[in-house]
Amino acid sequence: MNDCKVAVLLGSLRKDSYNKRLLRAVEKLAPPHLRFESIRIDDLPLYTQDFDADYPPNARRLKTEIEAAQALLFVTPEYNRSIPGVLKNAIDIASRPWGTNSFKGKPAAVIGASIGAIGTAIAQHHLRSSLHFLDVPTLGQPEVYLHFHDEIIAPDGTVTNDATRGFLQRFVDAYAAWVERFAAR
């Protein structure tokens, strides 16, 4: 397959984010034709329909970067049993105004890590519901609700636990096949 740009939306702004470690691990395990490009979302204004007539420059940048990608990867923590506001805001901006959904038709996956026993299962459920509405074909299996411990992924993304490495490799392989399936269309 030719190079494929994957727009990554990381829902955590925390410097030492578990989800950033998870993203780095996925990047290390991915085949070289998948080029992951993190999309900045921390500088976006809160979405208002008033933007629809004239989007601010940083909101236009977000839409342009997503539109330039062939695939999407959402990496989300779970805040209060849902997705972080910064991620929801980015989704609202990139999918508006009506009829200009920058996500439409792009193959995606949703993953997340948390210190909680159920990982990010509920946040991912909420995110998948929004993506379904936005016509984003989202990989169903394997699901990655990672119960995070410092011992499984080093800060640089090196997976230090064999079982975790195998699990994440299965996800990466399925995601790569999912993206290729849509690229063939």
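The values are calculated or read from the model by the stated rules, or taken from the named source; none is laboratory data. Computed from a predicted structure; not experimentally measured. Every residue, glycine as well, gets a Cβ built from its backbone with ideal geometry; the counts of neighbours run over all protein chains shown. All accessible areas refer to the heavy atoms of the entire protein, side chains included, with ligands and DNA or RNA removed. Shrake-Rupley method; radii C 1.70, N 1.55, O 1.52, S 1.80 Å.
May I ask for the angle, rounded to the nearest 10°, between helix 85-94 and the longest principal axis of the chain, with both axes built from Cα atoms and the value confined to 0 to 90°? With rounding to tens, the tilt is 50 degrees. Summing Lys and Arg as +1 and Asp and Glu as -1 over all other residues whose Cβ lies under 12 Å from the Cβ of residue 40 gives a net charge of -3. Report in % the part of the accessible area of the stretch 79-181 that belongs to carbon and sulfur, leaving out ligands and nucleic acids; probe 1.4 Å. In the stretch 79-181, the share of accessible area belonging to carbon and sulfur is 56 percent. Relative to the longest principal axis of the Cα atoms of the chain, the long axis of helix 121-133 lies at roughly 40 degrees. In a fully extended conformation the segment linking residue 163 and residue 53 would gain 34.6 nm over its present Cα-Cα distance, using 0.36 nm per residue.
Compute the angle between helix 18-29 and the longest alpha-carbon principal axis of the chain, please, reported from 0 to 90 degrees and rounded to the nearest 10. Helix 18-29 sits at roughly 70 degrees to that axis. Relative to one another, the C-alpha centroids of the stretch 5-62 and the stretch 111-159 are positioned 15 Å apart. For residue 155, what is the net charge nearby, where nearby means another residue's Cβ is under 10 Å from its Cβ and Lys, Arg count +1, Asp, Glu -1? Net charge in that neighbourhood comes out at 0. As a length-normalised measure over Cα pairs under 8 Å and 6 or more apart, the relative contact order of the stretch 61-179 settles at 25 percent. Using the Cβ of residue 115 as centre and a radius below 11 Å, the other residues enclosed give a net charge of -2, where K and R count +1 and D and E count -1.
If only the Cβ of Lys and Arg carry +1 and only the Cβ of Asp and Glu carry -1, the dipole of the stretch 22-84 around its Cα centre is close to 340 debye. Heavy atoms of the protein chains alone define the surface here; on that basis the stretch 1-92 has 49 Å² accessible area per residue at 1.4 Å probe size. Legend: translational diffusion of the stretch 47-171 by Stokes-Einstein, Rh = Kirkwood radius over C-alpha pairs, 4 °C, 1.567 mPa s; D = 82 µm²/s. Across the stretch 102-185, the volume of the C-alpha convex hull divided among the residues equals 105 Å³ per residue. The shape of the stretch 1-107 comes out oblate: with a ≥ b ≥ c from the C-alpha gyration tensor, a/c is at least 1.5 while a/b does not beat b/c.
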